[in-house]
Every structure is written in structure tokens, then in C-alpha cells.
1. How much length is gained on full extension from A:Leu28 to A:Ala68, taking 0.36 nm per residue of separation minus their Cα-Cα distance?
2. Tell me which DSSP H helices of chain A clear both cut-offs, 20 Å or more of axial length from alpha-carbon atoms and a mean Kyte-Doolittle hydropathy of at least -1.0.
3. Is the C-alpha gyration tensor of the stretch B:52-113 telling us rounded, prolate or oblate? Criteria: a/c under 1.5 is rounded; beyond that, a/b larger than b/c is prolate, otherwise oblate.
4. Positive end of the dipole of the stretch A:87-151, charges at C-beta (+1 Lys, Arg; -1 Asp, Glu), about the Cα centre: which of A:Trp100, A:Leu148, A:Val135 has its Cα farthest in that direction?
5. State the percentage of accessible surface on the stretch B:60-265 attributable to carbon and sulfur atoms; use a 1.4 Å probe and exclude ligands, DNA and RNA.
6. Enter the buried accessible area of the A/B pair, total of both sides, probe 1.4 Å, in Å² rounded to the nearest 100.
7. For A:Asp179 and A:Asp94, calculate 0.36 nm times their separation in residues minus their Cα-Cα distance, and state this gained length in nm to one decimal.
8. Would you be so kind as to list the residues of the stretch B:229-268 that have their accessible area lowered by at least 10 Å² in the full protein complex compared with their chain by itself (1.4 Å probe)?
Amino acid sequence: MAALQTPAAESDFAAASLQGASVRFGELTALSNITLDIPVGEFWTILGPSGCGKSTMLRLVSDLIPAAAGSAVIFGKSTEEARLAREIAFVFQDATLLPWRTALSNVELPLEIGRKRGVTIPAGDRTPMELLEMVGLKGRENALPHELSGGMRQRVAIARALVCQPKLLLMDEPFGALDEMKRDLLNMQLLEIWRETGTTILFVTHSISEAVFLGQKVLMLQAHPGRIKQIVDIDLPSPREIKIRETPRFNKYCSELRALLEEC
Amino acid sequence: MATVDLPLDEEAQEHNSSFPLFSERFMKVAIPVGTAVALIAIWQLGVRIFEVPTYIAPAPSDVAAEFYGEFPLLMRNFWPTLYESITGFVVGNLAAILIAIAFVHSKGVEKAFFPIAVFINTIPILAIAPILVLIFGAGMTAKVVIAALICFFPTLVNMVRGLQAVTPQTLELARILSASKSEIFWKMRLPSSLPFLFSALKIAATTCVIGAIVGEWIGADLGLGALIIDSTFNFRAPLLYATVFLSSGLSVFLFTTVSVIEKLVVRW
Ligand SMILES: Nc1ncnc2c1ncn2[C@@H]1O[C@H](COP(=O)(O)OP(=O)(O)OP(=O)(O)O)[C@@H](O)[C@H]1O
Ligand SMILES: [Mg+2]
């Protein structure tokens, strides 16, 4: 019997694969010749000086802006196909909730968009209510965004991002505006969500210790034009605890990255 | 499902900002009411002490007596003005909202019609009212059109601003969710325009009454505007004052109605 040609399994593809990708805004080259593969299920953090193109990279991957040269491929598909299939979710620096909707109905928004047009919306295993519970907002589902604190709003945004069970979760300084305590708390939660859902995460941050604490790999970008400086493997035991930040290994990674950042 | 347990750190600061104390609320009402009562008392005393003739300035008691005595006449003139104001309010604002939607969806339409809207807005309503009375005759239509016209421009400008008030970030969210143009309109643009719309509607709630009354000045047999002209020329000062108070009562009523609806609709 002739062996049937099996279609390539999803795992044959990288979650995100950039091949010589560049982004230009008029004269300015925001990203230049980026080539990298992010394997499925990994947690990468992105560090780099301000204006080096971190946000631009996430916006390229999520099909918000086109590549001027090269290609960006998500799970073997074009970024547009991945966007239409709801495989990508984005968490912005400010929660970007709709202020007239309650926490729960903000989380439900992605399920409503396209429903009347007959778009198949990949609903996750968890209902919006369960997602709110998972991010610790049980009992606050009927609160309007202005009745929630910054950290709570950001958690609603995370629940909203998870509602379609994205395979690739992009986060652009999601905890940048929070104080250290809340940031630690949400970092722990995020790691737990990551372990549970197995989604691939690309996480932009300005904080070196946050990058080391969360990432399996830290992607260091440098500016003018935005390009890869180095990809640093973070070999720390998992699951990670807050305590890990007091270990010499952790601090060694931090000082290494700080030195790299200073060279940029 | 593993629930990520958290110390509910942030819940401490609840959102039920305590209501002002009873005495505070009482004072908030008592101070303006007390001031008004005092002013009326001064007015009454002033007119009596200086023996001002009633046809020049009536005492509050004269006005109140007239209000009571001529109540049927006042009401007969109140209803047409109420009708014209509300119809003008609805027509003018609806037109403004629809045109604002057209402007936001097509730059071409905006470029073509916005200068015209600005031009019409620069013509004083007192100047345009006779023209409209000539066109539409002495019936109610002319008054409705004048009331509508006076509402139109502030609502147009505010509604355009409101529909454009969606943050770029929200539009990026819409794109990531692959939202259609109509979904963006109904789920994002329209709700975010509501606070802007209501601040325009509150302006319109008082100006539509002005529009109707100005229309009635130019030519009408009935209406508060007609009664104002009538009582002036007949030196019936108490009736004039009563009519003016009724007109401003109508404005206050419409304004309050819009404010209450705003509170119910715009809760964020
Ligand atoms: N829409 C745009 N139009 C023109 N230039 C842009 C646009 N978006 C970004 N840029 C430019 O591209 C470069 C990279 O911007 P980007 O926002 O990706 O930086 P970043 O690394 O995210 O910075 P930060 O850490 O401050 O958020 C910057 O020089 C910025 O000015
Ligand atoms: Mg950025």
C-alpha cells in the first residue's frame, strides 16, 4: 500500500517564523532583516532600548503592519490567515477595555465579533466566566472598567485575550504601569496560565528581571535600525518561583543582559 | 481547572464612594433655593417701596396672581411651543447624527457639506427665521424648522468628534479580532460617541425652546413667543413675566429630561 502523503503536522512549523523581515515607516527602517524561529509552546521575552522596534515586531507578527521585505509566517500560515483564524491574541500596555462594557462582557467581545457574519470563532475550553475566575476576578464580573484598579483591568484584558484560545499570545509591556507587587503577582499568574494552556508567548518588557524571570529565551533588540542583538537562553528551573530571583544564576543573567543592553 | 489563587490585594478600595452626608445634601439644595427666595423678596419689597408702576415692573405677587388667573391662556400657548420645541429637537438632532455618521464614513461627504453647515451656522437665527416663515408659512412647520436648525450644528460637531473618539489602540484590537466596518461602528464608535452626543443634546434641550419662541415672534397666533409679543404690546407686564417664567420652565424641563436619560445610558 502506498504511503499517503500526510499533511505536515502543526508541530512541524514554528509558532512564528521571520525570514529576513523588515518594516519601514517611510524613510525610517524600524526593523531590518530579522530572521528567527520561535518554537511552538515557548515563552520568549523581548528586551531593548526604547524605540528599537519591540512593539513593531509584535505588530508585524499580528498583521497590524505589513513587512516591507522578507516574510513573517505563523504556524505555517501568513499572518493574515492566522489573524482571521483567531490564532493570535494581543495584550496592550493599557488594557484597552471598552469602558461601557462590564468585565464579563469585555471578555465576551471576541466571541461576538464575526458571529453574525457566520465566522467560525474558536471558543476555548473555558467560558468567559471561568477565565475571569482564573485571573482572580470572581465576583467582579459585573464591574465596569472604571470601577476596577489598573491591575484588575489588565487581568480582564488577559482573560479577553485567552477567550479564543490563541496559539500565539503577544504582550506589549502589559504590566508596565503596575507597581512591583502587582507585577510579581501577575507574572506568577501568567506563568501558570502559560503552563496550563501551552500557548506560545512573546512578551515585551523594559524590565530586565521580568524578562529573565518569565522568559525561556530573551530576545535582545538594538536600534537604528531595529535588529537582533542576541538571543539569550535562560536556563533556570521550571516552574519558577519568586524566590529564584535571589539566586546567583538569576543575577548573573541579569547582569549579562544589562551589559548587553548598555552596548546597544 | 486550576484556579490561580491570589490574595485579593486590590479589592480593599471598593468603589462605593460614600454618599454625601444628609446635611451636606440638604445644604446643596438649601443655599441656592434660599438665595432665590431672598432675591424674590427683595424684588417684591423694591417694587412696593419705590412704587414702581405694574406696567413697568410687576411685583412677584402680581406675576403669581396672573399665573393663577390666566392659567388656561398660558396653557393654550404652552402646548404649541412644547410641541414645536420637541419636534424640532428630534428632527434637528436626528439629522445631525445621521450627517455626522456620513461624515465619519466618507471624507468626500464631509469635504462637500461641512463648509455649508458652517456657513448656515454663521447666519444669526434671528436673521434666518423670517426667511423660513416666508418659505413654510405661519403654521408650526416654520417653528419646528427653526428649532431644528438651532439644535443642528452643536450636535453635528460633537457627534463627529464622538465617533472619532475611539482610541487607535481600540481600532488595533478591532483589527486583531478581524472586526468588520459595521461591527466597529456598532460596538465601538457609536457607544464611545454617546458622552459627546449627550453633552450636545443638553445644549439642544435649551436652544430648541429659543428656536421655537423666536419663530413664534415672527408670525404666530399661538405659542409662548406670540404671547410674549402680545403681552408686551398690550402693557400686560405680569402676563409677560409669567410667560417668560413658563418658557424657562420648559427649557429646564427638557434639560432635566435629557440629563436623567444621560445618567441612565452613560454609566461609565
Ligand atoms: N506608526 C508609525 N509611524 C512612523 N514611525 C513609527 C510608527 N510606529 C513606530 N514608529 C517608529 O519605529 C521605531 C520603533 O518603534 P517601536 O514602537 O516599535 O519601538 P519600541 O521598541 O516598542 O519602543 P518602546 O520601548 O518605547 O515602546 C521608532 O523609531 C518609532 O518612532
Ligand atoms: Mg513599544
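1. Contour length minus Cα-Cα distance gives 13.3 nm.
2. Answer set is A:180-197, A:248-263.
3. The shape class here is prolate.
4. The Cα lying farthest towards the positive end belongs to A:Trp100.
5. 76 percent
6. 3500 Å²
7. In short, 29.2 nm is gained.
8. Going by heavy-atom accessible area, the residues of the stretch B:229-268 that drop by at least 10 Å² are B:Arg267, B:Trp268.
The values are calculated or read from the model by the stated rules, or taken from the named source; none is laboratory data. This structure is a prediction, so every number in the text was calculated from the model and none was measured. Neighbour counts run over all protein chains shown; Cβ positions are idealised from the backbone, glycine included. Quick note on the areas: whole protein, heavy atoms, side chains included, nothing else; ligands and nucleic acids left out. Shrake-Rupley method; radii C 1.70, N 1.55, O 1.52, S 1.80 Å.
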